[in-house]
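In what follows, a structure is listed as structure tokens, so that the remarks can point back to it.
Quick note: the coordinates plus some simple rules give every number you see, no bench work behind them. Only a predicted model underlies this, so the values are computations on that prediction, with no experimental measurement involved. Heads up, the Cβs are rebuilt from the backbone with ideal geometry, glycines too, and the neighbour counts pull from every protein chain shown.
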Amino acid sequence: MPFIEGILKYNSLSIVGLEKNTGKTECLNYTLKRLQNYPCSVAVTSIGIDGETVDQVYKTQKPEVTIYDGDIFVTSEKLYRQKRITAKIIDILNYASTAMGRLVVAKAINTGKVMLSGPPDTHNLKRLLNEIKNKYNCDLTIVDGALSRLSLGAPAVTDAMILATGAAVSINIQELVNKTKFVFNMISLPQADESLCEKLKDLPNGLYAIDTDNEIHDLHVKSALMLNSTTSDIFRYGHTIYTPGIISDSLINKLKTQKNTESFTLIAKDFTRLFAAPETISTFMRKGGKISVVEKSNLIAITINPFSPSGYFLNSDKMRDALSNAINIPVYDIKRIQ
């Protein structure tokens with residue numbers, strides 16, 4: 001059963017799509033179904049809303065989320081009343097209300113269909129994941145991501161992730177491969193030195209320089225986004241720069257325009273903090289600049305959906321082969337491994 005045993009190593013998993021209609025719900029349904037063959041207690045929720053039968057943008061049919069006997073699921077009060085499953089409410093979360101009411105934690109008594117709606121922000125999602133593990137004694141919690149919420153794949157949120165891509169990203173296979181490969185490369189960025197990571201992981205937002213002895217110096221810049229407003233030399237302590245916040249084009253452009261770019265290293269909190277344009281990042285790295293992370297994500301697999309909501313269909317084998325040749329990770333068409 002492809003990639004299922006890899007999932008069992010972790011306490012939480014996010015399924016994240018590069019675009020809407022890349023097959024996240026298909027992947028979730030496949031995963032939930034296959035997990036029934038293992039002695040594993042499972043919970044499932046979403047950030048945003050998932051499981052609706054009709055896509056609200058394209059008005060196309062979407063697969064509903066199938067929950068199995070014994071599974072725990074979290075959704076809003078309104079969507080809980082619309083469920084097509086027998087379930088027992090085990091908790092109501094007052095700290096994570098949504099536009100559709102409080103969040104309901106329920107346990108399925110049989111197999112049926114639900115629409116999922118979880119915490120709207122990662123802070124409350126992390127709190128929920130911790131409660132599911134420790135309060136409800138679940139081995140694995142799966143989070144179905146909303147549109148382009150790559151932040152769910154951050155190691156501070158979930159332990160592992162699956163990335164869904166497909167024709168909705170591009171109907172040109174090479175362009176699809178290029179876009180997916182770039183995100184894969186960001187997820188796969190190497191982790192910085194372990195002892196250095198220990199020093200960096202709890203630093204507040206700002207900009208820091210690391211010297212050759214791995215000593216950290218506060219550059220007294222509140223955010224990398226404010227870099228253009230400072231006149232100080234941010235490289236006076238060395239060529240390694242760290243920020244726990246968002247990294248935009250301005251910081252990387254400053255690095256890549258220095259002499260001997262290959263001697264410069266940028267350290268990010270994790271891959272989700274990189275908001276610079278792909279061209280900016282790629283140019284910096286082609287010139288020899290290095291990017292590493294404090295917290296590295298665990299990408300288990302990439303899934304593909306050859307169907308585009310606009311009506312196009314790509315050859316699944318060609319798409320899978322092209323992606324497999326470009327990246328070193330298993331690639332699956334979920335509908336063909338059912």
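List 12, 223 from most exposed to least, where exposure is judged by having the fewest other Cβ atoms within 10 Å. Display every interim value, and only then the final one.
Numbers: 12 23, 223 16.
Arranged by neighbour count, lowest to highest, 12, 223 become 223, 12.
Dipole check for region 194-293: with +1 at the C-beta of Lys and Arg, -1 at the C-beta of Asp and Glu, and the Cα centre as origin, the magnitude is about 360 Debye. The length gained by stretching the chain between residue 94 and residue 156 to full extension, at 0.36 nm per residue less their Cα-Cα distance, is 20.0 nm. Sorting 103-115, 154-166, 205-217 by average packing, meaning the other beta carbons within 10 Å per residue, from highest down gives 154-166, 103-115, 205-217.
Over region 194-293, what is the relative contact order in whole percent, taking alpha-carbon pairs under 8 Å and six or more residues apart?
So the answer I get is 24 percent.
Take every Cα pair under 8 Å whose residues are at least 6 apart in sequence, average their separation, divide by the length of the chain, and the relative contact order is 20 percent. Each principal axis of the Cα cloud of region 194-293 was taken in turn, and the coordinate range along them, longest first, works out to 30, 28, 25 Å. Once you divide the Cα radius of gyration of the chain by 2.2 N^0.38 Å, the number left is 1.06. Sorted ascending by nearby beta carbons within 10 Å, beginning with the fewest, 138, 27, 197, 40 become 40, 197, 138, 27. Ranking 223, 134, 192 by Cα position along the charge dipole of the chain, where only Lys, Arg, Asp and Glu carry charges on their C-beta atoms, puts 134 farthest toward the positive end.
Exposure proxy for 139, 321: other Cβ atoms within 10 Å of each Cβ, ordered fewest to most, give 321, 139.
Each of residue 212 and residue 69 was given a label point 7 Å from its Cα along the Cα-to-Cβ line. The distance between the two points is 6.8 nm.
So which of 20/181; 24/88; 126/222; 296/318; 24/179 end up more than 23 Å apart, counting from Cα to Cα? In this structure, 24/88; 126/222; 296/318 lie more than 23 Å apart at Cα.
Here the sum of -39500 (n - 2.57) over DSSP H runs of 4 or more residues, divided by the residues of the chain, equals -7000 deg cm²/dmol at 222 nm, to the nearest 500.
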